[in-house]
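Trainee: Below is the structure I would like to discuss, written out as structure tokens.
The values are calculated or read from the model by the stated rules, or taken from the named source; none is laboratory data. Since the model is a prediction, treat every value here as computed from it, not as a measurement. Please note: Cβ atoms are built from the backbone with ideal geometry, for glycine as well, and neighbour counts cover all protein chains shown.
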Amino acid sequence: MGVVRTGEIKALTGLRIVAAMWVVLFHFRPLIWEASPRLKDDLAPLFNAGAQGVDLFFVLSGFVLTWNYLERMGPSFALRPTLHFLWLRLSRVWPIYLVTMHIAALWIIFTLHVGTTPSPDVEKLTAISYVRQLFMVQLWFAPFFDGTSWDGPAWSISAEWLAYLLFGLMILVIFRMATVTRARTLLMLAFVASLPPTVLLLASGHFYTPWSWLPRIGAQFLAGALACAAVRRLRLSDRSRRIAGYCAILIIAVIVAILYFYEAHPVNGMIDPGGVVDVLFMPLVVMLAIGVGSLPALLSTRLMVYGGQISFSLYMVHELVHTSWNWAVAEYHLDISKAAQKFVVVGLIAAALGAAMLLFRTVEEPARRWMRRMVDFRDVKTIRAELPADPAAGKLASIDGARENRPPHSARAG
């Protein structure tokens, strides 16, 4: 049985909310530990590694974009399709990015005029910083991502934007490699490509070193792209796909086991040992892309897929919720009981999810469709001509609805 080569890979869409929630829990750790010290004893190894959810996003991004564009952009370079691709990527990330960026700026200004605890990010509000962030290049000028963005998680969007700009050239090479290379060799190359961040960690003991963000985005994005090229060459039986589903569960178990092993047996001088598990993200994505069974089925449920759809909004808005609460505690000297703190943590996470749902519905999806129409307006005209007249309403049916009912040409993250 061959792997379907078009449309959404729902298990990977569902995986996005897992990655996003991992990052959310990483940032909310101090509040969670304060509310429940018992959870710190039990879950610290897992939550402390939550920053690796960003690397999982990088692998997913390389995989899904290659899934969508390998045959469209790989055979030969053409300026127009490349610019079309970049505009579609902008339509996917820029609206939420801009909204959360300006909310962060307004929040910093708010703390200057209300209370006596101004945001420590006040000095970041400069004209040059604004221009760099507006065009998503702020990270390119800094060896460390900390403090580069008004909305903290936006650093990774700046890193991804660099990958998007290079994608048009990268896909040419991967297409030619995929044409003459066996799937297992491509998988081996993908694994090798994912190694640099982990090798640097093992060599220096530090995951966050000057310019370490560059091999993180480069290695993981490339690994995802090569892995996708391999998957597209596979011809799998039903039995093989079931085995792949079981392997996905096994990989997650190994990831958790490694994190707890390093917690119980720390390596002298190694900071952030959670970075070791990055090498398992590419195999995990592959197993979920080709697998069937319990875990792929769970990630493909309607709830998980919807979570994956709002995951980007959640990723971009959660730190604003977290930061504003920390400011309120410091400004008003809030002293909250342990019992109440548990409700606060749950409420803040719920607020972040609610804000994500709102942003997805009112900003992300409408803006994405609006920006896509700017480059697909000829297709809109064609659809308008093809639509039958509605005799009851005396007008044509919705163009948006007709476009949405067409066969899918890309996975969700595209």
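Yes/no per residue for (1) in a helix (DSSP H, G or I); (2) in contact (Cβ under 8 Å) with a residue 40 or more places away in the chain; (3) touching a Gly at 6+ places or on another chain (Cβ under 8 Å):
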{"position": "Ile217", "(1), (2), (3)": "yes, yes, no"}
{"position": "Phe221", "(1), (2), (3)": "yes, yes, yes"}
{"position": "Ala225", "(1), (2), (3)": "yes, yes, yes"}
{"position": "Cys228", "(1), (2), (3)": "yes, yes, yes"}
{"position": "Arg232", "(1), (2), (3)": "yes, yes, no"}
{"position": "Arg239", "(1), (2), (3)": "yes, no, no"}
{"position": "Ala244", "(1), (2), (3)": "yes, yes, yes"}
{"position": "Ala248", "(1), (2), (3)": "yes, yes, yes"}
{"position": "Ile255", "(1), (2), (3)": "yes, no, no"}
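Trainee: For segment 109-139, give me each residue that is among the aliphatic types (A, V, I, L, M), modelled with pLDDT of 95 or more and in contact with a helix residue (DSSP H, G or I) (Cβ under 7 Å, 6 or more places away or on another chain).
Mentor: Met136, Val137, Leu139
Trainee: Anything in segment 315-329 that is crowded, with 24+ Cβ neighbours inside 10 Å and either more than 27 Å from Val344 (Cβ to Cβ) or among the aliphatic types (A, V, I, L, M) (or both)? List them, or say none.
Mentor: Met316, Val317, listed by residue number.
Trainee: Can you pull out the residues in segment 216-235 that are farther than 13 Å from Val286 by Cα and either among the hydroxyl-bearing types (Ser, Thr, Tyr) or surrounded by fewer than 21 Cβ atoms within 10 Å (Cβ to Cβ) (or both)?
Mentor: The answer is Gly218, Arg235.
Trainee: Additional query: Take segment 118-152 and flag every residue that is in a helix (DSSP H, G or I), under 26 Å from the mean Cα position of the chain (by Cα) and not aromatic (Phe, Trp, Tyr). Steps first, answer last, please.
Mentor: Residues of segment 118-152 in a helix (DSSP H, G or I): 122-124, 127-134, 138-141.
Right, trim to under 26 Å from the mean Cα position of the chain (by Cα) and you get 124, 129-134, 138-141.
If the condition is that a residue be in a helix (DSSP H, G or I), under 26 Å from the mean Cα position of the chain (by Cα) and not aromatic (Phe, Trp, Tyr), then Lys124, Ser129, Val131, Arg132, Gln133, Leu134, Gln138, Leu139 are the ones that fit.
Trainee: Scan segment 76-117 residue by residue and report those that are surrounded by fewer than 17 Cβ atoms within 10 Å (Cβ to Cβ), within 22 Å of the chain's Cα centre (by Cα) and closer than 20 Å to Ala355 by Cα.
Mentor: Leu98, His102
Trainee: Can you tell me which residue is farthest from Thr209 (Cα to Cα) among those in segment 137-158 that are polar (S, T, N, Q) and either in contact with a strand residue (DSSP E or B) (Cβ under 6 Å, 6 or more places away or on another chain) or in contact (Cβ under 8 Å) with a residue 40 or more places away in the chain (or both)? Let's see the steps before the verdict.
Mentor: Quick first cut of segment 137-158, residues polar (S, T, N, Q) only: 138, 148-149, 156, 158.
Now restrict to residues that are either in contact with a strand residue (DSSP E or B) (Cβ under 6 Å, 6 or more places away or on another chain) or in contact (Cβ under 8 Å) with a residue 40 or more places away in the chain (or both): 149, 156.
Numbers: Ser149: 18, Ser156: 16 Å.
Within segment 137-158, the match that is farthest from Thr209 (Cα to Cα) is Ser149.
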